[in-house]
Each structure stands twice: as C-alpha cells, then as structure tokens.
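These notes are about the structure you will find just below.
The values are calculated or read from the model by the stated rules, or taken from the named source; none is laboratory data. Keep in mind the model is a prediction, meaning the values are calculated, not measured. Note: ideal-geometry Cβ built from the backbone for every residue, glycine included; neighbour counts use all protein chains shown. Heads up: the accessible areas ignore ligands, DNA and RNA and are worked out on the full protein's heavy atoms, side chains in. Shrake-Rupley method; radii C 1.70, N 1.55, O 1.52, S 1.80 Å.
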Amino acid sequence: MSEKYNCIVIDDEPLGVELIEDFISQISFLEIKKTFNKPLDAMIFLQSNNIDIVFSDIEMPQLNGLDLFRSLPNKPYFIFITA
C-alpha cells in the first residue's frame, strides 16, 4: 500500500500518547503528524490541517473526546481510546 493516512493522537496522559504512538509506528500506512496532551490544541490544529484519522482519549480535562468530535465541521475518522 503506497497511500499513507495522516493521523494525530490526543491523550492528556503522556504515557497514553507514547503507547499509541508505538502502536501506530508499527503500521506502515499510518503517519503521525502530531500528538497532543490538550484537546483544545488539537481542535485548533484540526481546523487548519488535513488529518484522516484521530486517535483520541475520551475522558480529558476541558474537552472530552466525544465533544471534540461533535465540534468539528469536517470530521476525520475518530478512533476512541480509553483506559
């Protein structure tokens, strides 16, 4: 497969980000563009960047993953992760 899918990771726990990054790095057709510990920062990034897949924690301070998904006018695919 030559096409790569751009993705980001959002988790307020740094260890969670690290684990998901490790899993994604093992999949040749996924490319991590950026990681976030704050969902509001991710929301701003998503408004001006072309992302295909978001790996997001559900429970986060300030804005949970479901509300983040609902707030986006152009929704990439979301994969929700949680402990």
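For the stretch 1-46, filtering for residues that are touching a residue at least 24 places away in the same chain (Cβ under 8 Å) and open to solvent by 30 Å² or more (accessible area, probe 1.4 Å) leaves 18. Taking the criterion of being of a type outside the set (S, T, N, Q), open to solvent by 30 Å² or more (accessible area, probe 1.4 Å) and under 15 Å from ASN6 (Cβ atoms), the residues of the stretch 47-83 that qualify are ASP52, LYS75, TYR77, PHE78, ILE79.
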